[in-house]
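Asker: Pasting in a structure now, in structure tokens, and then I'll have a few things to ask.
The values are calculated or read from the model by the stated rules, or taken from the named source; none is laboratory data. Keep in mind that what you see is a predicted model, and the values were worked out from it rather than measured. Positions of Cβ are backbone-derived with ideal geometry, glycine not excepted, and every protein chain shown enters the neighbour counts. Each accessible area value is taken on the protein alone, full model and side chains, heavy atoms only, with ligands, DNA and RNA left out. Shrake-Rupley method; radii C 1.70, N 1.55, O 1.52, S 1.80 Å.
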Amino acid sequence: MKVVHSVEDLRQIRREFQGSVGFVPTMGALHKGHLALIQNSKRENDHTVVSIFVNPTQFLPGEDLDSYPRREEADKKICEIAGVDTLFMPKISDIYREDEVKLKAPEYLGYILEGHRRPGHFDGVVQVVMKLFGIVWPDRAYFGKKDAQQLRIIEKMAEDLFLPLKIVPVETVREDDGLALSSRNVYLSPKERQKALSIARSLKRASRLVMSGELDSLKIKDEMQNMMSEIEVEYIEIVDREFRPINRVELQNSIILVAARVGKTRLIDNIWI
Ligand code: AMP
């Protein structure tokens, strides 16, 4: 595995690749969720590039940019074992310049739900992902369904800007007890982790309700809220695949989303119906 820090070196390696290139952008502190993205990329491409870059422009003032878990050495080992061909670990100054051209997330999709709680977050996401695409120039790029709104925005960016690549969604990887894997789970104390389980449990309950014929969004959300009484729920929303809120669940076209705070840790999760 080649570990590359500069944009120029990555470009040089990219030019020498023959065959298809799969790309997995991450912020590091790698876990089994990231591994699933890497495995999908390896299966479908001749070369797999992983980036680790804690992108400052997607954090709002007061968020956890400084304390975000950084595990460079462990991450390198994980990538090596996973069979990653090239690991790209740029510095902030390699990626950002002064007074640069800026992309903006869509007015609607970029500013509801996560974008409403974290205004400007998705502007930073599209900015960095577009830059990384420009550097890596992948044939396929892999994103987790765990970050459903991010995934839709990136898909839309690829469509709207006519990017010659395919965005590949990957299923959410969970712990045995249902907790969705997240780099931020390390912030949870054992007691908080126990409480956080109510998020995945409420989503599972919601999907059972739907399977048993309950399609009324309000009733489903009420039941979920009751199950999450011990944590601070920011939102429970049921949307279609374009993220428009819906009053009735539509099979094959709905996503149930939750954001909640458990202690100081903010967690998101969802289920695709
Ligand atoms: P992050 O490092 O948190 O920015 O995540 C990098 C990529 O991994 C994003 O596309 C995420 O959606 C994806 N990801 C994070 N957690 C999971 C998970 N539990 N299952 C699947 N993909 C995930």
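Asker: Once ligands and nucleic acids are excluded and a 1.4 Å probe is used, how much of Met130 is accessible, expressed in Å² to the nearest 10?
Answerer: Met130 exposes around 40 Å² with every protein chain in place.
Asker: Same structure again: Can you send over the solvent-accessible area of Thr57, 1.4 Å probe, protein chains only, in Å² to the nearest 10?
Answerer: Thr57 has an accessible surface of roughly 60 Å² with all protein chains in place.
Asker: I want to check the label-to-label distance for Glu223 and Gln252. Put each point 7 Å from Cα in the C-beta direction and report it in nm to one decimal.
Answerer: Output for this residue pair reads 2.3 nm.
Asker: Also, quick follow-up: Leaving out ligands, DNA and RNA, and with a 1.4 Å probe, what % of the accessible surface on the chain is carbon or sulfur?
Answerer: 50 percent
Asker: Can you tell me the FRET efficiency between Glu107 and Met211 if r is taken as the Cβ-Cβ distance and R0 is 41 Å, rounded to the nearest 0.05?
Answerer: The pair Glu107/Met211 has a calculated efficiency of 0.70.
Asker: Still on this structure, I have one more. Take the cross-link list Lys146/Lys221; Lys2/Lys145; Lys76/Lys195; Lys102/Lys156; Lys42/Lys146; Lys42/Lys76 and give me the ones stretching past 26 Å between alpha-carbons.
Answerer: As for pairs spanning more than 26 Å Cα to Cα, those are Lys2/Lys145; Lys76/Lys195.
Asker: With a probe of 1.4 Å, find how much accessible area the stretch 1-96 has per residue, and write the answer as a whole number in Å².
Answerer: Averaged over the residues of the stretch 1-96, the accessible area is 49 Å².
Asker: Percent of alpha carbon pairs in the chain separated by more than 30 Å?
Answerer: It works out to 30 percent of all Cα pairs.
Asker: For Met1 and Lys32, compute 0.36 nm times the residue count separating them, minus their Cα-Cα distance, and round to one decimal in nm.
Answerer: Length difference between fully extended and current span is 9.2 nm.
Asker: Would you work out if the stretch 183-272 is rounded, prolate or oblate? Take a ≥ b ≥ c from the square roots of the eigenvalues of the alpha-carbon gyration tensor; rounded if a/c is under 1.5, else prolate when a/b is larger than b/c, oblate otherwise.
Answerer: prolate
Asker: Can you give me the accessible area per residue for the stretch 180-256, using a 1.4 Å probe, in Å²?
Answerer: Averaged over the residues of the stretch 180-256, the accessible area is 55 Å².
Asker: Then there's this: Once label points are set 7 Å from the Cα along Cα→Cβ at both Asp139 and Leu197, what is their separation, rounded to one decimal in nm?
Answerer: For the pair Asp139/Leu197, the computed spacing is 4.4 nm.
Asker: Please tell me the relative contact order of the stretch 2-170 in percent, rounded to the nearest whole number, where contacts are Cα pairs under 8 Å and at least six residues apart.
Answerer: So the answer I get is 29 percent.
Asker: Give the accessible area for Thr172 in Å² (nearest 10); use a 1.4 Å probe, count only protein heavy atoms, and leave out ligands, DNA and RNA.
Answerer: Counting only protein heavy atoms, Thr172 exposes about 40 Å² to solvent.
Asker: How much mean residue ellipticity at 222 nm does the chain get from its helices, if each DSSP H run of length 4 or more adds -39500 (n - 2.57) and you divide by all residues, to the nearest 500 deg cm²/dmol?
Answerer: Calculated from helices alone, the mean residue ellipticity at 222 nm is -11500 deg cm²/dmol.
Asker: Label the stretch 1-53 by shape, choosing from rounded, prolate and oblate, from the square roots a ≥ b ≥ c of the eigenvalues of the Cα gyration tensor; if a/c is under 1.5 it is rounded, and otherwise prolate applies when a/b is larger than b/c, oblate when it is not.
Answerer: Here the stretch 1-53 falls in the oblate category.
Asker: If I model a spin label as a point 7 Å beyond the Cα along the Cα-Cβ vector, how far apart are those points for Arg244 and Glu80 in nm?
Answerer: Going by the 7 Å Cα→Cβ label model, 5.2 nm.
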